[in-house]
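A short write-up of the structure that comes next.
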Amino acid sequence: MLEIILGGYAGLVWLLCIKLKVIPWNIQTQVGAVAGAIFLAAGIIFTINVVTPSSADVRAINYVVEVVPRVAGTVTRVAVEGNQMVKKGDVLIEVDNTVYRLKVKELEARLADATASAKTLLQDLDSAKSNLVAMQAQLDLMRQRLIEATELAKAGAGNQYDVESYTSEVKKAESSVASARTAVAKVQTKLDGVVGSDIASVAQIKAQLEAAKYDLESTVVRAPTDGYPVNVAVRVGNYLAAMPFRPAMSFVEHEQQVVAFFDQNELRFVKPEDKVELAFLSLPGEVVHAKVDSVVWTNGQGQVMQGGQIANNPSEQVRVPPAQKYYVKFKILAEDGQDAPVIPMGARGGAAIYTEKLAALHLLRMVMIRAQSKLNYLVLKLH
C-alpha cells in the first residue's frame, strides 16, 4: 500500500512537472520531489506505527502441569497415550491402591467400635448417676445413725464404740460419694467434648477415615482440565512418589493465551476491544482475527526485590539496558459461527492492532499483515 501511495505521488510529479509542465523540472524541483517522497513515506510509516501498532513477537502460550501422584505406589495402569486430547476428570494413570484400601477398612472398623462406645457413654452416665444417688443415700443414713448413737451415748443408753464405728462409716460413705461424683463428671466430660454432632473420639476417627479415603481416591490420577498429555514416559510397574519430584508426564492445558510484545511508546491509543489481526508462521496464508483483551502495564525492570540492601545507582561505565517491552493479551475470535481456531502451543508470528485513530490508514496495515501471512509460506533454508 505504501508503494501505491508513493507511485501515485511519483505519477503526480510526472504529470505536473514533465507532462503538463505546470512546475518547471529543474534541480530544485527534482530535489524537492525526492525530499517530498521521503517525508511522505516517513510520515505515513511513523503515523501507522502509532495508530495501528504492529509486533513481530506474537506467542501462543499454554500452561503445562507436571503430573505427579499425591501418593506413592506402583503404577498398575496407564490410561492415556501421549498427544491425545482428554477431558477434565478423565483417568490418566492408576497406582496400586492395596495399602490405602486396607487402611480405609481398618478405620471403618475403628469408627464402628468408637461409635458403639459413644452410645454406651449415655448408659454409663445413667449408671454413674444412679450410683451417686445410692452413695448419697448411704451417706445420709450413716450420718443419721451417727447422730442417734451420739445422743444415746450422751444419755448413757449407748456406748462410745457405736459412735466411733458410725463416724468411720460416715467417712467411708463420703469417700464413696466423692468417687461417684468423679465418675459422673468423667463421663459427662467425654459427652461434652464434641466436634459438630460427634464426640471427640468419633470425630477424630472420622477425620482419619476421610484422609484415608482421600488417599485412596488419589491413587487414580485424573486430568486437571481439558488438554492433552505429552512426554508420557511412565509405564506399568514404575514406582511413583511425590518426592523426589519425578513427574509421570506433562499435561498441556487446552486453554491458552496469545500475547504480543510492543515497545513502550506504541501503546498510547490501544484499548480493550480494539480489533487485532494475527499472522502465524504455523498457519501460512491465514489471518487470524482477535481483539485486545488487556494491556499488561508491567515488566521486570519496574520490580523491586525484597531485601535489606538499599539499591545502588547504576555505574556510569555500565551501558543503560534497553527498555523492556510491554505485552498485550489477545482474545481469539470465532468466525462464521465456527469455534475459535486452535493455535499450536508455542506458535510465533506477527500482529497488528487497529485503534480508533485515523481509520483511513488501517488499510495500509491490513495489506502488510496479509503480505506477511503469504510470506509465511516460504521456508528460507538451504538444508
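Each reported figure results from applying straightforward, stated rules to the coordinates on display, with no laboratory input. None of these values were measured; they are calculated from a predicted model. Note: ideal-geometry Cβ built from the backbone for every residue, glycine included; neighbour counts use all protein chains shown.
Observations on the structure shown:
- Burial order of peptide ranges 82-94, 218-230 (average beta-carbon count within 10 Å, highest first): 218-230, 82-94
- Between Ile93 and Ala79, Val221, the built amide H atoms are under 5 Å apart, and every one of these is 5 or more places off in sequence or on another chain.
- Inter-label distance for Asn299 and Thr120, nm, one decimal - labels placed 7 Å from Cα along Cα-to-Cβ: 7.5
- Net charge of Cβ neighbours under 12 Å - reference Ile369; Lys, Arg +1; Asp, Glu -1: +2
- Surrounding net charge for Gln84, when Lys and Arg each add one and Asp and Glu each subtract one, Cβ distance under 13 Å: -2
- Listed values for region 220-237 are Karplus-derived 3J(HN,Hα) couplings in whole Hz (6.51 cos²θ - 1.76 cosθ + 1.60, θ = phi - 60°), namely 9, 8, 10, 5, x, 6, 5, x, 9, x, 10, 6, 7, 9, 6, 9, 4, x, and x replaces Gly and Pro.
- Listed peptides 237-243, 110-116 by packing density, highest first (mean Cβ within 10 Å): 110-116, 237-243
- Peptides 57-63, 277-283, 144-150, 376-382 ordered by average Cβ neighbours within 10 Å, highest first: 277-283, 57-63, 144-150, 376-382
- Using 0.36 nm per residue and subtracting the Cα-Cα separation, the extra length available between Ala200 and Asp339 on full extension is 44.5 nm.
- Local charge for Arg246 was computed over the other residues whose Cβ lies under 14 Å away, with Lys and Arg +1 and Asp and Glu -1, and equals +1.
- Couplings 3J(HN,Hα) for region 325-333, derived from phi with the Karplus relation 6.51 cos²θ - 1.76 cosθ + 1.60 (θ = phi - 60°), are 8, 9, 10, 10, 8, 10, 10, 5, 9 Hz, where x marks Gly and Pro.
- Gain on full stretching of the segment that runs from Asn265 to Ile45 - 0.36 nm per residue minus C-alpha separation: 77.7 nm
- Remark: region 362-370, residue by residue, has Karplus-estimated 3J(HN,Hα) of 4, 4, 4, 5, 4, 5, 5, 5, 6 Hz, where x stands for each Gly or Pro and the curve is 6.51 cos²θ - 1.76 cosθ + 1.60 at θ = phi - 60°.
- Cross-linked pairs Lys291/Lys325; Lys186/Lys206; Lys325/Lys381; Lys87/Lys275: Cα-Cα separations exceed 27 Å for Lys325/Lys381; Lys87/Lys275.
- Ala360-Ala242 FRET efficiency (beta carbon distance; Förster radius 56 Å; 0.05 resolution): 0.40
- Label positions at Val133 and Leu102, each projected 7 Å from the Cα along the C-beta direction, are separated by 5.0 nm.
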